[in-house]
1. Taking the stretch 1-71, how many lysine pairs are there with alpha carbons less than 16 Å apart, if each pair must be eight or more places apart or span two chains?
2. Give me Rg over Rh for the chain, both radii from the alpha carbons and Rh done the Kirkwood way, two decimal places.
3. Hey, can you grab everything whose amide H is under 5 Å from the amide H of Asp16? Only 5+ residues off in sequence or another chain; H modelled, so Pro and N-termini drop out.
4. Per-residue HN-Hα couplings for the stretch 20-28, Karplus 6.51 cos²θ - 1.76 cosθ + 1.60 at θ = phi - 60°, whole Hz, x for Gly and Pro?
5. Measuring from label point to label point, each 7 Å out along Cα→Cβ, what is the Val132 to Ala59 span in nm?
6. Given charges of +1 on the Cβ of Lys and Arg and -1 on the Cβ of Asp and Glu, with all other atoms neutral, how large is the dipole of the chain about its Cα centre, in debye to the nearest 20?
7. Can you give me the C-alpha center-to-center distance between the stretch 130-154 and the stretch 38-56, rounded to a whole angstrom?
8. Put a dot 7 Å past each Cα toward the Cβ at Lys51 and Asp5; how far apart are the dots in nm?
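Only the coordinates and a few stated rules stand behind these numbers; no lab work does. Here the structure is a predicted model, which is why all the values come from computation and not from measurement. As a convention, Cβ positions derive from the backbone with ideal geometry for all residues, glycine included, and neighbour counts pool all protein chains shown.
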Amino acid sequence: MKDRDFLGKKVISMADGAEVGSVKDIVFQGLELTSLLLKGDRGEGLLPFGKIGKNGPDAIMIDSYGVVDWNVGKGLAPENRSSHDLRKLSVIDGDGHVLGHLHDFTMDAKGHVESIAVRTEGIFGIMADETVVEGSRVRAIGADMITVDSPGKA
């Protein structure tokens, strides 16, 4: 599954028969998807990834409204990063080559990042080059950049 499979999707409570909100962003701790940042009537809240019942084609289903932490708001823990923030980071390999910027994630069913897609800028997306980097090659997600092992060195 891709990170974009969540963004903008409605979140529905089965017990309450109500729309809780929609997914504004997804939150990672290292290479693990930890929660979804929701925008709803109560403001912003975090839905732990483990509390998702089903990510369907039209909506994300949860057991009840109560599984969302509405007290968090915009305050993410320092070790957590939103996908929006991660997309701003450059990706550089162990040989010192800048591969581009993070463009996309592919995750397994448990929320672990299996691979990242890195793109060069191009002009309006034209002539942009995309490189897929296996998650096992990611060494660090830092404040300024993402470092990855060079191919064949993972």
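1. Taking the Cα cut-off of 16 Å, the pair count is 11.
2. Reported Rg/Rh, Kirkwood definition of Rh: 1.02.
3. Placed amide hydrogens put Tyr65 under 5 Å from Asp16.
4. 7, x, 10, 7, 8, 7, 10, 10, 10
5. Between Val132 and Ala59, the simple spin-label model gives 3.3 nm.
6. About 240 debye.
7. Result: 29 Å between the Cα centres.
8. Computed distance between label sites Asp5 and Lys51 equals 2.1 nm.
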